[in-house]
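A.B. asks: Please see the structure below; I have some questions.
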Amino acid sequence: MAEEPTKQGIIADKVSNLIPFLRSCRKECSEPIEGIVTGEIPRWLRGSLLRNGGGLMEIGPDKYNHVFDSLALLHKFRIQDGHVMYSNRFLQSEAYKRNMKANRIVVTEFGTRGHPDPCKTLFQRFMSVFTMDEFSDNDVVSIFQLGDQFYACSETNFIHRVDPETLETTGRVDLSKYLAVNTATAHPHVDTDGTQYNMGNGFKLSGPTYNVLKIPPPSDEGNNPFSKASIMCSIPASYRFYPSYYHSFGITDNYIVFVEQPLLLSLWKMLWLHVRGNAYIDAIEWHPELKAYFHVIDRYTGRPLPVNYSALSFMVFHHINAYEESGHLVVDMCCYNDANVIKALCVSQFEKMKNNPQHFADMVYSQPRRYVLPLNIPQDKIESENLMKLPGCKATAFVQPDQSVLCHYEALTESGSGSTEMPRINYEKYNGRKYRFFYALGNRESDLTTYIIKVDTETKTNKIWSENKRIPSEPVFVASPYAVDEDDGVVLSSLLHEENENRIGILILDGKSMKELGRSEFKTESSVPGSFHGIFTDVC
């Protein structure tokens, strides 16, 4: 009689949910293939789901050490008249070309050292810091749309324009040629008029700055929108030579919200690691003794508000949404208690995690939280008085002896319910405005099952979709053309198979009930890795 699998064994197997990010695509699916549809795909759903993520973890004899390092692979699901076509292509970055030519890893990434050019001296490598030419342009994180133009991006000054129809790489843009920045986030915000807002680091003799970038939409086909880009605000870093790491930020009708978290980048270590040709992960430092600071910038004057808002230490990758209500600024984010998740995503950690799955769950645990910043602070404020006055909200804000405001969060899901990440909302209608629902990826603590969750921020309840041996991606909400309610529409997610690396699908869920409407499944000639972020566009 076969033994029943132990809970420890089941959980260890579930760690493989992250293994798709370690897969390598050996042959592009450049010619679209049609999928087999089950259920029904709404006829009104017409356009393309474009996604970006790592696609190649081994090059020749070398392997990448971190899931953030894999060479970028673009994915496209073309949806029209109830049918779906799938294709993928590698981003033709300079990092990709150089690595392929050498048949090994020669470009250093976040967690992986590249083999240094033996012809370059230490002095030449040192001077390359000031040109940025030696830094990777592997735009592996996301895709954004600017007017009729589409760009793959990561967190450097390099972005790549891609053709949304063929996924071909058509050009590279160096943002530092137009703006005094050396980085930019992979999560810019787009206003209703097409203007894009982003944030990027600048470096001055006085120290690093956090710059708010404003990029107008292209005025016509072929127009270069970056030539008219501007910096609308520069915020000095709180710690000289130690700028904060950030992956996203918030925006409302009147404000931009930037969180300066105590996850710091040591510029001295960064310089030394670059000169030596080492990976940059060791330049990241977590300082739990420091607070997180909320910088609130007026979108129309470009000036930061004079109030010093702070919170006890936390780490954040992704903002969910932000909005103004009754003299308060509400900021929702997926937060971590510490920065262990960064090291947890090193390839070397996966085998260790199989032996200690609870430790793995603790390292990657994130919770959606709501911080509320009071905008109208009375002159006669009392330190013991809670300045947060929104009815039904459990967040608090108290004035400190130094006249700063310390904010404490309200959890949007129950503690211990599992990790919640990759949040998405009904962006076109509710970004920066009061909203109720968001969709995200969940990871259950008890058995590490990956699922899609819909969270009701008003009732603090949720609905979940999950399926055995299937690994969903970040959920993308697409509103119905007949929408009345916020959640009238569908949720799209790419779907990988744990047991078959050559299978990929697209899942269509009802935005209200989270019930499956339909899916389309594809069998490719090569392994299909996991992806990070993407967008839905009406371009087919």
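A.B. asks: How would you classify the chain from its alpha-carbon gyration tensor, with a ≥ b ≥ c the square roots of the eigenvalues: rounded for a/c under 1.5, else prolate if a/b is greater than b/c, otherwise oblate?
C.D. replies: Rounded.
A.B. asks: Which percent of the accessible heavy-atom area of the chain goes to carbon and sulfur, probe 1.4 angstrom?
C.D. replies: Here carbon and sulfur together make up 51 percent of the probe-accessible area.
A.B. asks: Cα-Cα over 19 Å: which of Lys291/Lys343; Lys269/Lys343; Lys454/Lys512; Lys394/Lys460; Lys291/Lys381; Lys394/Lys454?
C.D. replies: Lys291/Lys343; Lys291/Lys381; Lys394/Lys454
A.B. asks: Can you pull out the trypsin sites (Lys or Arg not before Pro) in the range 468-511 that DSSP calls coil and that have at most 15 other Cβ atoms within 10 Å?
C.D. replies: Those that pass, being in a loop and sparsely packed, are Lys469.
A.B. asks: Quick one: grab the alpha carbon gyration tensor of the range 357-397, order the square roots of its eigenvalues as a ≥ b ≥ c, and give me rounded if a/c is under 1.5, else prolate or oblate depending on whether a/b is larger than b/c.
C.D. replies: In terms of gyration-tensor shape, prolate.
A.B. asks: Further question on the same structure: Which entries in the list Lys469/Lys515; Lys354/Lys515; Lys27/Lys469 go over 28 Å, if you measure between the two C-alpha atoms of each?
C.D. replies: Lys354/Lys515
A.B. asks: Let me ask something additional. For Gln403 and Thr301 in the same chain, what is the full-extension length gain: residue separation times 0.36 nm, less their Cα-Cα distance, in nm?
C.D. replies: Gain in length upon complete extension: 34.3 nm.
A.B. asks: Asn308 to Lys429: extension gain in nm, 0.36 nm per residue of separation minus the Cα-Cα distance?
C.D. replies: 40.5 nm
A.B. asks: Run the quick spin-label model on His359 and Asn386: label points 7 Å from Cα toward the beta carbon, then report their separation in nm to one decimal.
C.D. replies: Going from the His359 label point to the Asn386 one covers 3.9 nm.
A.B. asks: Taking a probe of 1.4 Å, how large is the accessible area per residue of the chain, in Å²?
C.D. replies: 42 Å²
A.B. asks: Hey, which lysines would be in cross-link range of Lys228, C-alpha to C-alpha under 18 Å, not counting anything within fewer than 8 residues on its own chain?
C.D. replies: Within the straight-line limit of under 18 Å, Lys228 reaches these lysines: Lys177, Lys214.
A.B. asks: Okay, moving on. With charges only on Cβ, +1 for K and R and -1 for D and E, what is the dipole size of the chain about its Cα centre, in debye, rounded to 20?
C.D. replies: 860 debye
A.B. asks: May I pose another question? Quick one: length gained pulling Ser348 to Lys101 fully straight, 0.36 nm per residue minus the C-alpha distance?
C.D. replies: Roughly 86.3 nm would be gained on extension.
A.B. asks: Here's another thing I want to ask about it. With the crude spin-label approximation of a point 7 Å out along Cα→Cβ, what separation in nm comes out for Glu34 versus Ala411?
C.D. replies: About 5.0 nm, to one decimal.
A.B. asks: Relative contact order (percent) for the range 259-299, with alpha-carbon contacts under 8 angstrom and 6 or more residues of separation?
C.D. replies: 55 percent
A.B. asks: Taking a 1.4 Å probe, which of Arg303, Arg240, Arg519 shows the most accessible area, and what order do the others take after it?
C.D. replies: Arg303, Arg240, Arg519
A.B. asks: Sticking with this structure for a sec: Measure off 7 Å from each Cα along the Cα-to-Cβ vector at Tyr239 and Ile464, then give the distance between these two points in nanometres to one decimal.
C.D. replies: Here the answer is 3.6 nm between the modelled labels.
A.B. asks: Could you name the aspartates and glutamates whose alpha carbon sits less than 18 Å from that of Lys389, not counting residues in the same chain fewer than 8 places away?
C.D. replies: Here the aspartates and glutamates satisfying the reach criterion relative to Lys389 are Glu324, Glu325, Asp332, Asp380, Glu410, Glu458.
A.B. asks: Charges on Cβ only, +1 for Lys and Arg, -1 for Asp and Glu, centred on the Cα centroid of the chain; of Leu71, Ser480, Met199, which one is farthest towards the dipole's positive end?
C.D. replies: Final value for the positive-end residue is Leu71.
A.B. asks: Hey, what number do you get for the chain at 222 nm if only DSSP H runs of n ≥ 4 count, each worth -39500 (n - 2.57), divided across all residues, to the nearest 500?
C.D. replies: Mean residue ellipticity at 222 nm (helix-derived): -2500 deg cm²/dmol.
A.B. asks: With N denoting the number of residues in the range 167-284, provide Rg(C-alpha) divided by 2.2 N^0.38 Å, to two decimal places.
C.D. replies: The value comes to 1.17.
A.B. asks: Sticking with this one: Loop-only GluC sites (Glu not before Pro) in the range 443-540, please: DSSP not H, G, I, E or B, and at most 13 other Cβ atoms within 10 Å.
C.D. replies: Listed in order of number, the matching sites are Glu458, Glu499, Glu525.
The values are calculated or read from the model by the stated rules, or taken from the named source; none is laboratory data. The model shown is predicted, which means the values in this text are computed figures rather than measured ones. All Cβ positions, glycine included, derive from the backbone under ideal geometry; neighbour counts span all protein chains shown. Ligands, DNA and RNA are excluded from the accessible area calculation, which covers all protein heavy atoms including side chains. Shrake-Rupley method; radii C 1.70, N 1.55, O 1.52, S 1.80 Å.
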